[in-house]
Every structure is written in structure tokens, then in C-alpha cells.
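Asks: Here it is, the structure, as C-alpha cells.
The values are calculated or read from the model by the stated rules, or taken from the named source; none is laboratory data. These numbers were taken from a predicted model, which means no experiment stands behind them. No Cβ is skipped: glycine too gets one built from the backbone with ideal geometry, and neighbour counts run over all protein chains shown.
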Ligand SMILES: [Zn+2]
């Protein structure tokens, strides 16, 4: 299994049959999923997911337990996870539910209660083939280390899970310190609740460096779609869908089959497009991560696209370089590739990548052109592939 970052969409099972992207009835098929008791449903189990290649990760709903004041016992969560998932996360109590600036007592209280839950779940999962991953909370390296040491004082877990620390509008990157902690533990990790491009590019590179698989999730495609937001392929920013009158800037399996009017009327179609954008970008980040200069090229593209990163470029670059190449590194963040060479290398890697359908490869090549060269407005190859498939 090659090291990589893997995006996990959060499954809302109540979608109509043709929009269930984990079945062959849907134009998009995707086999890595995150289920959650409150979003996917307590009554769902493995039989509701018939694809043989599916890998199902189960959240514990810890966040909803505290934010929505839900009462739930850790063993009830575990039993549900055992019925539905291949990999499950322990039930934690996030300290930030007190406030963003929780104090030490609040942090410790959450840590002890969460790790007590985790211990109990570990004890009752010993004879099952489901993997149990321990959830770790903490904003700083020291907090994470303290929580991890308390969590693993009796036994280790199959993997771990971290709630990402993010400041949406600032250029400082609190999650870099969390990744610095992660890089000290040679185990698989899942990152809860964020899929911002800069994070994804860095995570894919760290996965390569550590020779591990890292997963991350977000509900952005679904929540965005609910508010009429469409992820624009060349910027990856959500834009109001109603700005499009006739032609869409995308030839994904959804946009190429449906008119603007149809997509306007159906939230689920927007969701499928948004999901395909998240998946395509994750594929691009993994391709770039296999070559230092491609990684640096893509990193620069992302920094330039986001004003808050662009204005603090030196800080952002130095944080990322130190995480990936060592605290004392003198590694430059400048790629030796020009635009043409970077695109060409990525196109070659796309052709060689395994596990993608011909359509996925063709789409990815066009997506790369759109994303790396904003002037490109060419989807002609895809149109011919689509015609071929439809015959
Ligand atoms: Zn699309």
C-alpha cells in the first residue's frame, strides 16, 4: 500500500439511490468513507454498504455529544462501530467545547474522561477484527504529548486521530505543530474535520516522508451544496452556484451529464461535483508529493491563491520546510520547475498512477491544467472521452 493522504467524505446515508457514491449506481464511485452515528444513522450497518472494496472509518460522535448535548455511552458507540466499520475512533470529549481558550484543569478533565472511555472501548474490542484508533486532543505539541502518553500508558492503539487546530483567517498555522507531533509517532493518523488545500498538500508530503497513510475528512461538499455553493475547479473556492447561467467550468462525471438547471434543483448533484473536486485535489497533492520540486511548485500555487498566506509567505514556507526537512534545515521552498515542466511531470505521473479509471485520469489531467494554469480553458479531451463512454 503506497503512502498517501486519503480524503474521507462524511456519509449521509439518506441520499437517493443514484447519489450514493459508494455504489455503482452513482456516476462517481468512491470507496473510502467516514460514517458518524449522528450523520449516517445509528440504524445503519455494514449490510447497507455492499461494495467489496469499501473501507469504512467510523467517527464516535464525540464532538456532537458535547456540542449538541447528546447523551451517549462509549460502549453503545463501540457496538455500533463494530457493526458498520473497519476502523473506528474512540469517544473523546473535546476540551475546546469549554471555550477556544480552555484552561489546564478543563483540558485535564477532558483528557481523563476521554482516555477512560478509550480504555473501556479497547477492552471490549480486543476480540474483534475492527481496528480501534485512539483520539488525541491538544493545540500544542506538549498538550498532544501529554494526552498521548496518558492514552497509551497501558497499551497502544492501531492508529490515532487528531482534531485539527485551525485559525481560518490567520496566516499562522497551528496545525503545523500538531503535524510535528504526529511525525514523532510511526502510526497511521486520521485528522478530523478539515480539508483546506494547504493542509492537504503538506499532509500528502508528510505521508510520503513517513511512509504511512494519513486520512482526513470534511463535510464541506455536503454543507456547501446545501447552501448552493459550488467548488470552482481552478481556485478550489466555493462560489454561489447561481452565478452560472449556462456553461459550467467543469467536466466532472456530474457536470458533464447534467444541465445547470438540473444541478440548480438538486443539492445532491452539487454535492457530487464538490466531492469530486475534493477527491481530484487529493489525487493531485499525492502525485506532487512524490517529487520534492513538484511539491514545492504546488505549495507555491496554493500560497499565491490565498491572500492571508501570500502576505506572510516567508512564515508559511519556513513552517512547512522545517516540518518536512528538519528544524535546522536550509531547504529552499523554491521549485526548480517552471510552469510547463511542472504540468508535464504531473501529466506523466497521472498516466502512470494506479487504481484510477481512464475517465479519472483524463479528468485529473484537465484538472491539473485548470488548476496550475489559470488561463487554460480547455476541456476538449474530456468531451471526447465522454462521447466515447456514452456511445
Ligand atoms: Zn463538476
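Asks: Condition first: under 21 Å from the mean Cα position of the chain (by Cα) and exposed (fewer than 12 other Cβ atoms within 10 Å of the Cβ). Now tell me which residues in the stretch 343-356 satisfy that.
Replies: Passing the criteria: 354, 355.
Asks: Which condition breaks for residue 246 when tested against (1) away from the ligand (no atom under 11 Å from the Cβ); (2) part of a helix (DSSP H, G or I); (3) without any contact (Cβ under 8 Å) to a residue 60 or more places away in the chain?
Replies: Looking at each condition in turn, residue 246 falls short on (2).
Asks: Now for a different question. Quick one: would you say residue 337 is more than 24 Å from residue 236 (Cα to Cα) and at pLDDT 90 or above?
Replies: no
Asks: If you don't mind, there's one more thing I want to ask. Identify all residues within the stretch 366-391 that are surrounded by 18 or more Cβ atoms within 10 Å (Cβ to Cβ) and modelled with pLDDT of 55 or more; write none if there are none.
Replies: 366, 367, 368, 369, 370, 371, 372
Asks: Any residue at all in the stretch 108-117 that is closer than 30 Å to residue 318 by Cβ and either surrounded by fewer than 22 Cβ atoms within 10 Å (Cβ to Cβ) or touching a residue at least 12 places away in the same chain (Cβ under 8 Å) (or both)? First the steps, then the outcome.
Replies: Initially, the stretch 108-117 is screened for residues closer than 30 Å to residue 318 by Cβ, giving none.
Among the residues of the stretch 108-117, not one is closer than 30 Å to residue 318 by Cβ and either surrounded by fewer than 22 Cβ atoms within 10 Å (Cβ to Cβ) or touching a residue at least 12 places away in the same chain (Cβ under 8 Å) (or both), which makes the answer no.
Asks: Moving on. Can you tell me which residue within the stretch 222-243, out of those that are over 28 Å from residue 291 (Cβ atoms) and surrounded by 17 or more Cβ atoms within 10 Å (Cβ to Cβ), is farthest from the ligand (Cβ to nearest atom)? Don't jump to the end; show me each part of the working.
Replies: Of the stretch 222-243, the ones over 28 Å from residue 291 (Cβ atoms) are 222-230, 238-243.
Those left that are additionally surrounded by 17 or more Cβ atoms within 10 Å (Cβ to Cβ): 222, 224-225, 229-230, 238, 241.
Details: 222: 15, 224: 13, 225: 12, 229: 13, 230: 8, 238: 13, 241: 11 Å.
Taking the candidates together, the pick is 222.
Asks: Quick one: how many residues across the stretch 82-100 are more than 19 Å from residue 193 (Cα to Cα) and assigned to a helix (DSSP H, G or I)?
Replies: So the answer is 3.
Asks: So residue 95 ticks every box in (1) at pLDDT 95 or above; (2) closer than 16 Å to residue 162 by Cβ but one. Which box is left unticked?
Replies: So the condition that residue 95 fails would be (1).
Asks: Would you mind telling me which numbered condition in (1) touching a strand residue (DSSP E or B) at 6+ places or on another chain (Cβ under 9 Å); (2) closer than 23 Å to residue 368 by Cβ; (3) not in a helix (DSSP H, G or I) residue 191 fails?
Replies: (2)
Residue-wise test of (1) outside any strand (DSSP E or B); (2) farther than 24 Å from residue 55 by Cα.
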{"position": "208", "(1), (2)": "yes, no"}
{"position": "216", "(1), (2)": "no, no"}
{"position": "223", "(1), (2)": "yes, no"}
{"position": "234", "(1), (2)": "yes, yes"}
{"position": "251", "(1), (2)": "yes, yes"}
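Asks: Right, something else. Any idea which residue in the stretch 251-270 is surrounded by the fewest Cβ atoms within 10 Å (Cβ to Cβ), counting only those that are within 12 Å of the ligand (Cβ to nearest atom) and in contact (Cβ under 8 Å) with a residue 60 or more places away in the chain?
Replies: Taking the stretch 251-270 as the starting set, the residues that turn out to be within 12 Å of the ligand (Cβ to nearest atom) are 251-258, 260, 263, 269-270.
Add one more test, that the residue is in contact (Cβ under 8 Å) with a residue 60 or more places away in the chain, and what stays is 251-254, 256-257, 269.
Details: 251: 23, 252: 25, 253: 21, 254: 25, 256: 19, 257: 15, 269: 21.
For the stretch 251-270, the residue satisfying everything is 257.
Asks: Go through the stretch 125-150 and count every residue that is more than 25 Å from the chain's Cα centre (by Cα) and surrounded by 15 or more Cβ atoms within 10 Å (Cβ to Cβ).
Replies: 3
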